[in-house]
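Handing you a structure now.
The values are calculated or read from the model by the stated rules, or taken from the named source; none is laboratory data. These figures come from a predicted structure and were not determined experimentally. Positions of Cβ are backbone-derived with ideal geometry, glycine not excepted, and every protein chain shown enters the neighbour counts.
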Amino acid sequence: MSERHYLDYNATAPLRPQVRAAMLDALESGGANPSSVHAEGRHARALIEKARHSICEFVAGDADGLIFTSSGTEACNLALQTHLAPAGKIGRILVSAIEHPAILQTAATSELPVLQLGVDSSGQIDLTALDSALQDPTPALVAIMAANNETGAIQPIAEIGKMVRAHGSVFLCDGVQALGKMPLNMQTMHIDMLALSAHKIGGAAGSGALLIAPHIEIKPLIYGGGQELRRRAGTENLLGIVGFGAAIECAAQDLLTIDALAVLRDKMEAQLEKEMNRQKLAPLHFFARDIERLPNTSCFAIAGLSSETLVMALDLEGIAVSAGAACSSGKVTASHVLTAMGVADDLVQGAIRVSLGWDSKPADIDNLVACLTAFVVRQNQTYKDSQLIKAAE
Ligand code: PLP
């Protein structure tokens with residue numbers, strides 16, 4: 001393959017070399033069953049506990065409260081099984097309108113009533129609506145993500161956690177996209193349950209975790225053996241978990257210099273705007289740009305151009321980005337996130353997401369800016385030519 005520029009970290013971050021090395025080590029050491037009492041089993045158990053410790057330490061979680069899962073999606077599904085809040089039996093679910101399908105679709109299968117909370121035009125949750133929903137004395141399970149996967153919009157998590165706790169409800173935070181890109185702290189943010197995933201930070205897909213506070217009772221999704229303190233049966237995914245632990249250690253280091261990613265992202269946005277203006281091309285519409293957002297994410301649309309066309313054109317130039325709402329089937333559907341923000345339909349259809357990460361370089365964004373501008377120029381010329389032909393006919 002010719003030189004590629006991967007700018008789709010929010011879909012999956014490339015496997016980090018340190019993760020690959022740790023996983024290979026675990027594989028070569030035999031990969032025994034961590035429940036076995038022999039030396040090989042004890043070694044596997046030690047590797048799992050080391051990863052558990054690293055993850056808990058990074059998000060200030062309780063070591064007895066970490067349940068390894070197969071994905072962030074499974075972690076969200078498991079969390080939505082919780083039935084007891086400090087104020088009593090959970091009788092309803094509150095979700096933000098911009099949650100990932102792992103929350104929205106799962107909540108929709110619950111027998112409990114589900115109330116969706118809206119967001120403003122920047123993609124931030126309406127705290128007044130949350131406050132008034134919390135006045136209902138029925139304890140709620142409140143699911144609000146730390147940061148959005150499409151726009152990068154960050155929610156005021158500590159404030160939300162405080163409000164939810166004050167009403168004796170339970171706060172589930174989907175931290176899948178936020179992990180490693182902003183600080184996440186279960187204690188100071190008052191998070192009762194935190195869903196995480198390894199492949200968004202350079203671990204391997206197939207490994208996730210749900211962290212729960214000591215007062216949370218969880219009903220398992222999977223029954224069988226006594227693994228994960230009887231909360232998730234099945235022999236642990238040793239390699240995936242080891243990779244997750246190694247990825248967390250790298251992400252913790254990267255977080256110290258994460259502002260550099262925001263500098264790169266902001267430079268890309270500024271260069272794109274400059275080029276579009278210079279060539280007198282259609283204006284760019286950036287989403288969630290006026291609020292706090294993840295340092296690695298940029299979501300924007302160019303009026304009149306569909307996201308499918310843009311994603312394919314860039315792919316042909318060696319650049320990997322996503323449509324704003326590329327779903328797991330690979331189809332592009334109208335983004336429920338942008339729709340909830342009140343974005344006009346034609347822009348929703350044209351949104352693309354550029355997301356950077358641990359291996360992003362200035363050359364990646366320079367190529368993106370050059371190729372995108374050249375493509376829009378070509379599209380404009382084609383449009384002008386077709387108008388001339390029409391006029392001549
Ligand atoms: N939550 C958010 C915000 C996500 O972005 C994703 C994946 O895109 C998930 C949950 C699901 O994580 P996983 O891919 O590990 O199932």
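Against the condition buried (at least 17 other Cβ atoms within 10 Å of the Cβ), closer than 19 Å to LYS200 by Cα, of a type in the set (Phe, Trp, Tyr) and in contact with an Asp or Glu (Cβ under 7 Å, 6 or more places away or on another chain), how does PHE58 come out, does it pass?
Judged against the criteria, PHE58 is not a match.
Does THR138 satisfy the criteria of being under 24 Å from LEU78 (Cβ atoms), hydroxyl-bearing (Ser, Thr, Tyr) and either more than 16 Å from the ligand (Cβ to nearest atom) or surrounded by 15 or more Cβ atoms within 10 Å (Cβ to Cβ) (or both)?
On the way: under 24 Å from LEU78 (Cβ atoms): yes; hydroxyl-bearing (Ser, Thr, Tyr): yes; either more than 16 Å from the ligand (Cβ to nearest atom) or surrounded by 15 or more Cβ atoms within 10 Å (Cβ to Cβ) (or both): yes.
When the stated conditions are applied, THR138 passes them.
Given the conditions (1) within 16 Å of the ligand (Cβ to nearest atom); (2) surrounded by fewer than 16 Cβ atoms within 10 Å (Cβ to Cβ), and given that PHE244 satisfies all but one, which numbered condition is not satisfied?
All conditions pass for PHE244, except number (2).
While we're on this one: Limited to segment 277-298, what total is found for residues that are more than 15 Å from the chain's Cα centre (by Cα) and either under 21 Å from HIS5 (Cα atoms) or surrounded by fewer than 22 Cβ atoms within 10 Å (Cβ to Cβ) (or both)?
The qualifying residues number 14.
Being within 15 Å of the ligand (Cβ to nearest atom), farther than 18 Å from LEU78 by Cα, out of contact with any Ser or Thr (no Cβ under 8 Å at 6 or more places or on another chain) and not small (Gly, Ala, Ser) is the filter here; which residues of segment 182-206 pass it?
MET182, LEU184, ILE201 - these are the residues of segment 182-206 that are within 15 Å of the ligand (Cβ to nearest atom), farther than 18 Å from LEU78 by Cα, out of contact with any Ser or Thr (no Cβ under 8 Å at 6 or more places or on another chain) and not small (Gly, Ala, Ser).
A further question on this structure: Could you check, for segment 62-69, whether at least one of its residues is part of a helix (DSSP H, G or I), in contact (Cβ under 8 Å) with a residue 24 or more places away in the chain, surrounded by 21 or more Cβ atoms within 10 Å (Cβ to Cβ) and away from the ligand (no atom under 16 Å from the Cβ)? First the steps, then the outcome.
Taking segment 62-69 and keeping what is part of a helix (DSSP H, G or I), we get 63-65.
Retained after the next criterion (residues that are in contact (Cβ under 8 Å) with a residue 24 or more places away in the chain): 64-65.
Next, only the ones that are surrounded by 21 or more Cβ atoms within 10 Å (Cβ to Cβ) stay: 65.
With away from the ligand (no atom under 16 Å from the Cβ) added as a condition, the list becomes 65.
Yes, segment 62-69 contains at least one residue that is part of a helix (DSSP H, G or I), in contact (Cβ under 8 Å) with a residue 24 or more places away in the chain, surrounded by 21 or more Cβ atoms within 10 Å (Cβ to Cβ) and away from the ligand (no atom under 16 Å from the Cβ).
State all residues of segment 7-38 that are under 22 Å from ARG265 (Cβ atoms) and more than 16 Å from the ligand (Cβ to nearest atom); if no residue qualifies, say none.
ARG16
Select from segment 344-365 the residues that are touching a residue at least 60 places away in the same chain (Cβ under 8 Å), surrounded by 13 or more Cβ atoms within 10 Å (Cβ to Cβ) and not in a strand (DSSP E or B) and list them in ascending order. Full working, then the answer.
Going through segment 344-365, the residues touching a residue at least 60 places away in the same chain (Cβ under 8 Å) turn out to be 347, 351, 353-360, 362-365.
Still in the running and surrounded by 13 or more Cβ atoms within 10 Å (Cβ to Cβ): 347, 351, 353-360, 364-365.
LEU347, ALA351, LEU356, GLY357, TRP358, ASP359, SER360, ASP364, ILE365 - these are the residues of segment 344-365 that are touching a residue at least 60 places away in the same chain (Cβ under 8 Å), surrounded by 13 or more Cβ atoms within 10 Å (Cβ to Cβ) and not in a strand (DSSP E or B).
Name the residue that is modelled with the lowest pLDDT, counting only residues in segment 73-125 that are away from the ligand (no atom under 14 Å from the Cβ), assigned to a loop (DSSP other than H, G, I, E, B) and aliphatic (A, V, I, L, M).
Per the criteria, the residue is ALA87.
Here is a check on your reading of the model: is VAL376 crowded, with 19+ Cβ neighbours inside 10 Å and at pLDDT below 95?
Answer is yes for this residue.
Of all the residues that make up segment 290-323, how many are under 18 Å from ILE365 (Cα atoms) and assigned to a loop (DSSP other than H, G, I, E, B)?
6
Additional query: Could you look through segment 222-269, keep only residues that are under 22 Å from the mean Cα position of the chain (by Cα) and part of a loop (DSSP other than H, G, I, E, B), and pick out the one that is nearest to LEU294 (Cα to Cα)?
ILE258
Okay, residues lined up against (1) touching a Ser or Thr at 6+ places or on another chain (Cβ under 9 Å); (2) among the aliphatic types (A, V, I, L, M); (3) farther than 24 Å from VAL369 by Cα; (4) without any contact (Cβ under 8 Å) to a residue 24 or more places away in the chain:
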position: LEU211; (1), (2), (3), (4): no, yes, yes, no
position: PRO214; (1), (2), (3), (4): no, no, yes, no
position: ALA233; (1), (2), (3), (4): no, yes, yes, yes
position: GLN253; (1), (2), (3), (4): no, no, yes, yes
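Do you know which residues across segment 151-175 are in contact (Cβ under 8 Å) with a residue 40 or more places away in the chain and either out of contact with any Lys or Arg (no Cβ under 6 Å at 6 or more places or on another chain) or surrounded by fewer than 24 Cβ atoms within 10 Å (Cβ to Cβ) (or both)?
Within segment 151-175, THR151, ILE154, GLN155, ARG165, HIS167, GLY168, SER169, VAL170, LEU172, ASP174, GLY175 meet the criteria.
Buried (at least 22 other Cβ atoms within 10 Å of the Cβ) and touching a His at 6+ places or on another chain (Cβ under 7 Å): is that true of ALA301 in this structure? Outline the logic, then answer.
Working: buried (at least 22 other Cβ atoms within 10 Å of the Cβ): yes; touching a His at 6+ places or on another chain (Cβ under 7 Å): yes.
Here the answer is yes, as ALA301 does meet what is asked.
Same structure again: Just one of (1) on the phi > 0 side of the Ramachandran plot; (2) near the ligand (Cβ under 10 Å from one of its atoms) trips up GLY224, so point out which.
So the condition that GLY224 fails would be (2).
Given the options GLN177, GLN227, GLN155, name the one that is closer than 29 Å to ALA87 by Cβ and out of contact with any helix residue (DSSP H, G or I) (no Cβ under 7 Å at 6 or more places or on another chain).
So the residue among GLN177, GLN227, GLN155 that is closer than 29 Å to ALA87 by Cβ and out of contact with any helix residue (DSSP H, G or I) (no Cβ under 7 Å at 6 or more places or on another chain) is GLN155.
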